[in-house]
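**Student:** Here it is, the structure in full.
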Amino acid sequence: MNAMSPTPSKAYDLNFARWVYENVDGGDRMALCMQCGTCSGSCPIGTQMDHGPRKLFMMIRAGMKDAVLSSNTLWNCVSCYNCVVRCPRQVPVTYILHDLAHVAVREGYAQAKESDNARFAKAFWWSAAKYGRTDERLVTAKYYFSFGVGEGIKRGMANQKIAMGMVKTKRMHLGMPHKVKNTGELHAILAKAAEMEAKKHGAK
Amino acid sequence: MSETTSRSRTIMVVGGGIAGITAAVEAAEAGHDVVLIEKSPSLGGRVAQMNRYFPKLCHPTCGLEINFQRIKKSKRISVFTFSEVSAVKGGPGGYTVTVKTSPRHVKANCTACGDCAKVATSEVSNAFNYGMDSVKSAYLPHVMAFPMRYVVDPSVVGTPEGEAIKAACPVGAVDLEQKDESFDLEVGAVVWATGWRPYPAANLTAYRWTDIPDVITNVEMERLASVDGPTKGKIVRPSNGEAPKRVALIQCAGSRDLNHLAYCSRICCLASMKHAAYVREQLADATVDVYYIDLRAHDKLESFLNRLKRDPQVNFVKSKPARIEKSEAGGPVVCGENTLTREVYAEPYDLVVLATGMQASLAAEGQPSFAADFDDYGFVFAEGDSIAAGVASGPLDVSMSVQSATAAACRAIRAVTA
């Protein structure tokens with residue numbers, strides 16, 4: 001079986017559930033989901049998800065691959081782990097959502113590029129991977145300017161007061177970005193991880 | 001099989017609930033000597049604590065009364081209350097069972113006149129009502145107690161109150177000198193009828209049974225609805241004593257949950273239908289919402305479920321509530337996702353009843369190694385030499401427990417006569 005996706009070209013794919021069970025982190029336990037709704041009911045931002053985890057899992061079973069991978073549920077999860085703690089079948093809901101978000105990125109879904117949370121996640125990862133630390137200014141700037149130069153300046157100006165307040169209370173610093181001692185080693189580790197990931201999912 | 005010379009034909013039944021009582025009377029009426037061991041002051045177990053049985057909503061006192069009569073009439077049954085098994089040695093046909101008894105402080109000549117309770121001044125938590133109220137420290141376990149004998153709580157022994165209780169007894173039945181005792185019995189077979197306990201609601205932290213007074217369990221609901229319960233049969237909100245207008249029944253509270261009881265407790269769905277019926281019977285204006293994953297009306301009991309489904313004031317919501325929150329007024333707010341409409345709800349209620357599941361008593365007490373083989377969930381694995389009756393073998397309702405107990409009696413008889 002193609003480890004990346006059984007049939008990447010199809011919007012609606014009856015093998016999608018099996019593929020998720022076998023390839024997505026925590027997917028094997030998703031097979032035990034009994035649709036009780038504890039996850040979606042536990043979610044602190046459940047009202048802001050288009051589907052919520054329970055319905056998303058049912059959609060996976062129904063083979064609605066495009067709808068699942070374009071869902072904002074993957075991106076709006078805040079990793080509070082309420083659902084994971086309460087799930088009566090011990091399904092690691094958070095892991096599944098995050099790994100599905102990875103799949104959406106790999107397969108180039110629009111939601112994975114354009115949604116606010118996807119943009120922010122990308123900016124966050126950029127800083128973490130480059131410096132081994134997240135720098136508040138750089139993450140914020142990267143996120144704002146992902147919408148374009150004009151929009152980036154506009155958003156930056158709008159939040160100037162908050163930024164100054166943060167600097168005053170030493171929640172944000174000026175000067176060189178924070179970084180780990182040996183970024184070279186970090187980059188080597190991440191390169192190796194990326195290589196292993198690519199091998200697992202088929203180079204793309 | 002051991003040598004036949006030392007074989008005993010006596011059958012021991014551990015646990016005096018409906019299953020133990022049934023196994024004991026069936027074996028005795030078939031001509032065998034039976035020793036019935038009960039941990040609490042009275043026989044009857046969980047059934048005595050029920051208000052009604054489903055589906056016909058008849059009173060358990062009726063069924064118990066018949067069985068108590070059968071025990072009284074039989075010369076072959078010895079009943080030991082306040083007793084527990086502490087060790088079992090030997091094998092089929094020749095067991096030596098060590099029984100530990102704790103003191104009742106009241107002798108067999110008690111006439112249940114109640115004079116002791118009149119002079120008692122202190123009160124103790126009422127275990128029969130699951131601690132929802134208290135009783136005098138000299139008390140009758142409940143109105144249908146068998147044996148019909150008072151109990152003097154150990155807390156008054158050595159106090160002036162204890163002496164007053166002793167002096168008040170017109171027949172001199174109060175004995176404050178009684179101590180814990182232990183003795184051995186030779187029996188040919190042991191039937192485990194140790195039953196169940198309600199799964200501790202305090203473990204279900206998201207449902208806040210411990211800090212919201214109007215969140216109660218299904219067994220507490222039984223006591224609320226019983227005429228001999230803490231409210232004399234009135235279904236009220238524990239917080240303020242008023243009749244509830246909106247009631248929520250939450251299914252699978254602890255059952256079908258790998259973090260609690262992994263199995264379906266089988267009876268809770270029907271028990272909750274019974275609770276819906278109690279509410280509708282007493283409170284004409286009240287509405288009941290039943291929160292469920294799926295409704296499991298086993299056997300022939302679907303008609304009872306359908307009866308409640310026809311009631312416009314009983315609504316069914318397909319959802320396992322995620323949590324219960326406390327409103328500003330201190331009442332429960334049930335939160336979750338309606339899985340049919342995908343709506344995330346937060347509904348305030350006057351009273352919430354958690355359908356807590358059945359946990360095997362022996363498992364809850366740490367599965368004594370001498371007892372029997374246990375399955376993964378702590379129920380007795382009734383195969384080979386291991387004999388179990390009623391809920392000790394798995395979640396059952398009353399009628400199924402009785403069937404299971406009769407089967408256990410047959411197996412015990414075969415074991416001692418083989």
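Coordinate-derived values only; no laboratory data. Just so we're clear, the structure is a prediction, and the values are computed from it rather than from any experiment. Because the Cβ atoms are built from the backbone with ideal geometry, glycine has one as well, and the counts that use them run over all protein chains shown.
**Student:** Apply the Kirkwood formula to the range B:314-418: the hydrodynamic radius equals the inverse of the mean of 1/r over all pairs of different alpha-carbon atoms; give it in Å with one decimal.
**Tutor:** Evaluated on the range B:314-418, it is 17.4 Å.
**Student:** Follow-up. Residues in the range B:20-35 near a label at residue B:183, defined as backbone nitrogen under 14 Å from the 7 Å Cα→Cβ point?
**Tutor:** Under 14 Å, as judged by backbone N against the label point of residue B:183, lie B:35 of the range B:20-35.
**Student:** Given +1 on the Cβ of Lys and Arg, -1 on the Cβ of Asp and Glu, and no further charges, what dipole in debye does the range A:116-198 carry about its Cα centre, rounded to the nearest 20?
**Tutor:** 440
**Student:** Need one value for B:213-223: mean number of C-beta atoms belonging to other chains within 10 Å of its residues' C-beta atoms.
**Tutor:** 0
**Student:** Which angle between 0 and 90 degrees, to the nearest 10, do you get for helix A:149-158 versus the longest principal axis of chain A when only C-alpha atoms count?
**Tutor:** 70
**Student:** Another one. Just round it to a whole percent: the fraction of Cα-Cα distances in the range A:1-111 exceeding 17 Å.
**Tutor:** 47
**Student:** Other chains near A:40-47: what is the mean number of their Cβ atoms within 10 Å of each residue's Cβ?
**Tutor:** Average per residue, whole number: 6.
**Student:** Then there is this: Can you tell me which of B:210, B:159, B:231 moves the most in a GNM of chain B? Springs connect C-alpha atoms under 10 Å apart.
**Tutor:** Highest fluctuation among the options: B:159.
**Student:** Using the 10 angstrom Cβ neighbour count as an exposure proxy, how do A:145, B:146 rank, fewest first?
**Tutor:** Fewest-to-most ranking of A:145, B:146: A:145, B:146.
**Student:** Restricted to Cα positions, what overall size does the range B:200-356 have along the principal axes? Three whole-Å values, descending.
**Tutor:** Principal-axis extents of the Cα atoms in the range B:200-356, largest first: 36, 33, 29 Å.
**Student:** Using a 10 Å cut-off around each Cβ, can you sort A:166, B:50, A:196 from fewest to most neighbouring Cβ atoms?
**Tutor:** Fewest to most other Cβ atoms nearby, the residues stand as A:196, A:166, B:50.
**Student:** Right, next: For an R0 of 41 angstrom, estimate the FRET efficiency from the Cβ-Cβ distance between residue B:381 and residue A:81 and round to the nearest 0.05.
**Tutor:** In this case the efficiency is close to 0.70.
**Student:** Using only Cα atoms, what is the ratio of the radius of gyration of chain A to 2.2 N^0.38 Å?
**Tutor:** 1.15
**Student:** Another question, if that's okay. Defining a contact as two alpha carbons under 8 Å apart and six or more residues distant in sequence, what relative contact order in percent does chain A show?
**Tutor:** 18
**Student:** Shifting gears a bit: What's the Kirkwood radius of the protein assembly as shown in Å, using all Cα pairs?
**Tutor:** Radius from the Kirkwood sum: 28.8 Å.
**Student:** Would you give the gap between the C-alpha center of the range B:164-199 and the C-alpha center of the range A:149-174, rounded to a whole Å?
**Tutor:** After rounding, the separation between the Cα centres reads 76 Å.
**Student:** Cut-off 10 angstrom, C-alpha nodes, Gaussian network model of chain B. Which of B:96, B:406, B:341 fluctuates the most?
**Tutor:** Checking each option, the largest mean-square fluctuation is seen for B:341.
**Student:** Also, quick follow-up: Using mean Cβ contacts within 10 Å as the protection proxy, how do B:304-311, A:16-23, B:185-192 order, highest first?
**Tutor:** B:185-192, A:16-23, B:304-311
**Student:** A follow-up question, please. From Cα pairs below 8 angstrom and at least 6 apart in sequence, can you work out the relative contact order of chain B, rounded to a whole percent?
**Tutor:** About 19 percent, as a whole number.
**Student:** How large is ³J(HN,Hα), in whole Hz, for each residue of the range B:378-385 in order, when computed from phi with the Karplus curve 6.51 cos²θ - 1.76 cosθ + 1.60 and θ = phi - 60°, using x for Gly and Pro?
**Tutor:** x, 7, 5, 7, 7, 9, x, 7
**Student:** What's the long-distance tail for the range B:59-208, i.e. % of Cα pairs beyond 17 Å?
**Tutor:** 72
**Student:** Run the lone-cysteine check on chain A: no other Cys C-beta under 4.7 Å from the residue's C-beta.
**Tutor:** Flagged as lacking a Cys partner: A:33, A:36, A:43, A:77, A:80, A:87.
**Student:** Just for the Cα atoms in the range B:115-168, what are the lengths along the principal axes, largest first, rounded to whole Å?
**Tutor:** Principal axes ranked by extent give 28, 22, 16 Å for the Cα atoms.
**Student:** As an exercise, use a Förster radius of 25 Å and the Cβ-Cβ distance of residue B:262 and residue B:303 to find the FRET efficiency, rounded to the nearest 0.05.
**Tutor:** With R0 = 25 Å, the Cβ-Cβ based efficiency is 0.25.
**Student:** Same structure again: May I ask you to work out the translational diffusion coefficient for chain B at 25 °C, viscosity 0.890 mPa s, via Stokes-Einstein with Rh from the Kirkwood sum over Cα pairs, reported in whole µm²/s?
**Tutor:** Value of D from the Cα-based Kirkwood radius: 108 µm²/s.
**Student:** Okay, next question. How high is the FRET efficiency between residue A:171 and residue A:201 when r is their beta carbon distance and R₀ equals 35 Å, given to the nearest 0.05?
**Tutor:** After rounding to 0.05, the efficiency reads 0.35.
**Student:** Next question. Write down the percent of antiparallel bridges among all DSSP beta bridges whose residues are both part of the protein assembly as shown, to the nearest 5.
**Tutor:** Beta bridges within the protein assembly as shown, antiparallel portion: roughly 50 percent.
**Student:** Per the helix-only calculation at 222 nm, which mean residue ellipticity applies to chain A, given -39500 (n - 2.57) for every DSSP H run of n ≥ 4 and division by its residues, nearest 500 deg cm²/dmol?
**Tutor:** -17000 deg cm²/dmol
**Student:** Right, another one. For the residues B:299, B:385, what sequence is obtained by ranking on other C-beta atoms within 10 Å, fewest first?
**Tutor:** So the ranking, lowest neighbour count to highest, is B:299, B:385.
**Student:** Take the range A:116-198, compute every pairwise Cα distance, and split them into 10 Å bins from 0; I just need the percent in each bin.
**Tutor:** 17, 40, 31, 11, 1
**Student:** Run through the DSSP bridge list for chain B and note the antiparallel percent, rounded to the nearest 5.
**Tutor:** Taking every DSSP beta bridge with both residues in chain B, the antiparallel ones total about 50 percent.
**Student:** Can you tell me which of A:46, A:175, A:150 moves the most in a GNM of chain A? Springs connect C-alpha atoms under 10 Å apart.
**Tutor:** With Cα springs under 10 Å in chain A, the top fluctuation among A:46, A:175, A:150 is at A:175.
**Student:** For the range A:1-109, what does the relative contact order come out to in percent, with C-alpha contacts under 8 Å and a separation of six or more?
**Tutor:** 32
**Student:** Would you mind checking the pairs B:107/B:136; B:245/B:326; A:65/A:192; A:55/A:200 and listing those with alpha carbons more than 22 angstrom apart?
**Tutor:** Table pairs above 22 Å Cα-Cα are A:65/A:192; A:55/A:200.
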